[in-house]
Amino acid sequence: MTDPFPLRWPPGWPREQSPRQSTFRVSSFARTRDGVLAEIARLGGEHAVITSDLPTRRDGLPYASSGEPFDPGVAVWWIGKDGREQCIACDRWLRTRDNLHSIELSIAALRGLERWGSSEIVRRAFAGFIALPPAPGEPDWRAVLGPWVTTLDEARARYRELARQVHPDHGGSTADMQRLVAAYQSAEAELGP
């Protein structure tokens, strides 16, 4: 999956240019953090990782008592019931806990769609995030992973191989890693079940 620190913003998602004060009444960061994890579990997700610029505990969860980081954005990643990596991110608000609360409410709304018989909407929403065509100037996923990649298993193996080379923790750059993640997500959308 991913490391909880630093913030791993999903490729292709625009960033908020003017975060603002929210009107949420968030009782505590810890309750919201735990609420997000519970909502993901109720949605059938596994291996949830909350990424932000907050310092993390030994278990990888952000500390509840930390001050606000320079970037209050939060992205929550998990593996869905279908085995695909999914993400919801928010940086609209000035405080990290408000962005996390927004994610909690969004996941609860997605669960509601499933309960109300509209689970196809949820599936299509998540598929839409990974099925976007490359932005102008961005290469097709085959240009990154290789034109010989024809199956999802091959794409996954090639992604892992290249990630060891381009990940910032191994001497690569954030931009190269984001390009690789975007390429893998596009390949997964095209080659997946």
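Think of each Lys and Arg Cβ as +1 and each Asp and Glu Cβ as -1; about the Cα centre, that makes the dipole of the stretch 1-78 roughly 180 debye. Over the stretch 141-191, the pair-distance histogram of Cα-Cα distances with 5 Å bins from zero comes to 5, 25, 34, 22, 11, 4 percent, rounded to whole numbers. Look at Asp153, Asp59, Asp176 and count the other Cβ atoms within 10 Å of each Cβ; fewest to most, that gives Asp59, Asp153, Asp176. Length gained on full extension, Ser27 to Ser66: 12.5 nm, using 0.36 nm per residue less the C-alpha separation. Dipole check for the stretch 141-191: with +1 at the C-beta of Lys and Arg, -1 at the C-beta of Asp and Glu, and the Cα centre as origin, the magnitude is about 80 Debye. For Kirkwood radius over Cα pairs in Å, the choices are (1) 19.6; (2) 18.5; (3) 17.6; which was calculated from the structure? Identified label for the calculated read-out: (3).
The residue among Gly45, Gln21, Leu7 whose Cα reaches farthest toward the positive pole of the charge dipole of the stretch 1-51, with charges on the beta-carbon of Lys, Arg, Asp and Glu, is Gln21.
In a fully extended conformation the segment linking Thr174 and Arg142 would gain 9.5 nm over its present Cα-Cα distance, using 0.36 nm per residue. Applying the criteria of a DSSP loop state and at most 11 other Cβ atoms within 10 Å to the chymotrypsin sites (Phe, Trp or Tyr not before Pro) of the stretch 43-125 yields Phe70, Trp116. Based on the Stokes-Einstein relation at 4 °C and a viscosity of 1.567 mPa s, and on the Kirkwood radius from alpha carbon pairs, the stretch 29-130 is assigned a translational diffusion coefficient of 93 µm²/s. For the stretch 14-123, applying the loop criterion from DSSP together with a ceiling of 16 other beta carbons within 10 Å to the GluC sites (Glu not before Pro) yields Glu16. Just add up the charged neighbours of Val26: K/R +1, D/E -1, any other residue whose Cβ is under 9 Å from the Cβ of Val26. Computed value for this residue: +3.
Values in this text are rule-based calculations from the coordinates and carry no lab data. Note that this is a predicted model, so its numbers are computed, not measured. Here the Cβ is made from the backbone with ideal geometry for all residues, glycine too, and neighbour counts use every protein chain on show.
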